1. Consider a paramagnetic label point 7 Å from the Cα of F336 along Cα→Cβ; state which residues of the stretch 180-221 have an amide N under 20 Å from it.
2. Under 8 Å for C-alpha pairs, at least 6 residues apart: give me the relative contact order for the chain, rounded to a whole percent.
3. Give the long-range amide H neighbours of L204: residues separated by 5 or more places, or on another chain, with amide H under 5 Å away, using H modelled in the peptide plane at 1.01 Å from N.
4. Show me the ranking of peptides 267-273, 235-241, 55-61 by mean Cβ neighbours inside 10 Å, starting with the highest.
5. For the chain, list the DSSP H helices whose alpha carbon atoms reach 24 Å or more along the long axis and whose average Kyte-Doolittle value is -1.0 or above?
6. With n ≥ 4 as the cut-off for DSSP H runs, can you work out [θ] at 222 nm for the chain, using -39500 (n - 2.57) per run divided by the number of residues, rounded to the nearest 500?
7. Suppose R0 equals 45 Å. What FRET efficiency, 1/(1 + (r/R0)^6) with r the Cβ-Cβ distance, do R305 and W4 give to the nearest 0.05?
8. State which entries of K24/K109; K116/K276; K24/K50; K29/K109; K24/K302; K276/K303 exceed 21 angstrom in Cα-Cα distance in the structure shown.
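Every number in this text was worked out from the coordinates using simple rules, so none of it is lab data. Only a predicted model underlies this, so the values are computations on that prediction, with no experimental measurement involved. Here the Cβ positions follow ideal geometry from the backbone for every residue, glycine too, while neighbour counts run over all protein chains shown.
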Amino acid sequence: MNYWLILAISAVAAFALTYLFMLKRPAEKILLGHDRGRKFAQGAEVNIGKPTGVGVYFTISFVLVSMAALGIAMRTASESVIFEPGVIFGLGLTFIAMITGLLDDRSAKPWNEYIKGGLDFLVSLLGALNCLVFFNSPFAIVTLGINGKPVVLNSVVFFILAAVLFVVSINATNATDGIDGLSGTLAVLTVITLAAIAYINANLTLSGFLIGVIFICVIIAYLIFNFFPSSMLMGDAGSRACGFFIAFYAIYLRIPFAYLIVGLPFLIDGGISILKITVGRLTRKKVILFKNIRTPLHEELKKNRGFSVPKVWRTLVISALAIDIIYIAVTVAVHFM
């Protein structure tokens with residue numbers, strides 16, 4: 001079977017399966033929780049009672065379709081699609097990241113943040129170990145993805161930086177998930193931009209393109225139900241899976257440092273919230289960063305700036321799109337100068 005036919009069928013299957021999952025929500029009483037509202041989050045009361053944790057559905061769709069598509073492509077595609085254990089393990093760990101979030105979504109009471117942090121750290125270590133074993137070589141790391149020149153890192157340094165990237169991406173994506181449609185849209189833009197930068201740098205494999213397209217399709221299907229006014233929420237199950245996969249995808253495509261640019265929307269919106277909380281706790285609130293800014297940034301825009309939910313979404317998405325377009329344009333210019 002031709003690779004492009006496999007890609008097309010996989011994209012349609014991923015979208016359709018996710019859409020049906022969202023529409024029917026099988027085993028909803030067993031799998032899903034209901035939103036409790038977020039403390040100190042302006043307007044969070046409108047989400048109370050909505051099904052949360054539906055990230056379990058799009059993650060299952062993503063992993064199942066990706067595994068099937070890769071298996072079929074490796075056996076039948078005329079193009080070179082090789083077996084890559086690191087990709088299979090990466091998909092499996094994405095599923096595990098989803099499970100850690102789902103257990104919290106299903107809990108009657110929110111989990112202690114130290115428990116969630118510990119689970120995130122454990123999954124991140126496993127993700128970093130997977131990347132160290134299967135993707136670490138002198139050519140596995142490049143710069144910001146602009147010029148494509150390889151940067152050789154010591155294995156220990158590689159492992160530490162990979163673990164940090166996983167932790168940051170998981171938590172920043174989670175913190176951003178407070179506005180209808182925002183986290184999912186940013187995830188789609190991030191994966192598209194990573195794939196584009198990898199293609200320009202000749203790092204985009206057929207397997208990488210395949211799983212990237214499938215991820216985009218399942219998130220788009222979810223967004224149909226999550227755009228304002230949303231009827232359901234991805235919850236920690238979805239945000240943790242998305243954050244893990246984005247970090248994995250960047251490392252797999254050999255452009256992990258590109259996250260510093262393509263991940264800026266996540267870092268600016270959700271990341272500063274994590275930084276503020278972390279510094280405050282480590283210093284026992286003796287040092288409070290961003291005293292006059294409500295975090296995550298989308299809460300600042302809603303509460304202090306008076307933005308509506310759609311306006312917050314437009315502001316942050318347009319900003320992200322501008323960053324991505326400039327990044328791609330600069331990369332293209334550098335490669336063809």
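1. 193-204
2. On the way: 530 pairs, mean separation 82.7, N = 337.
Answer for the chain is 25 percent.
3. Y199
4. Values: 267-273: 23.3, 235-241: 30.1, 55-61: 27.6.
Result, highest mean Cβ count within 10 Å first: 235-241, 55-61, 267-273.
5. In the chain, the long hydrophobic H runs are 3-24, 55-76, 85-106, 113-135, 155-176, 182-200, 206-226, 235-252, 309-336.
6. The helix contribution divided over the chain gives -21500 deg cm²/dmol.
7. Details: r = 46 Å, r/R0 = 1.02.
The computed FRET efficiency comes out at 0.50.
8. Values: K24/K109 26 Å; K116/K276 17 Å; K24/K50 15 Å; K29/K109 16 Å; K24/K302 32 Å; K276/K303 18 Å.
Table pairs above 21 Å Cα-Cα are K24/K109; K24/K302.
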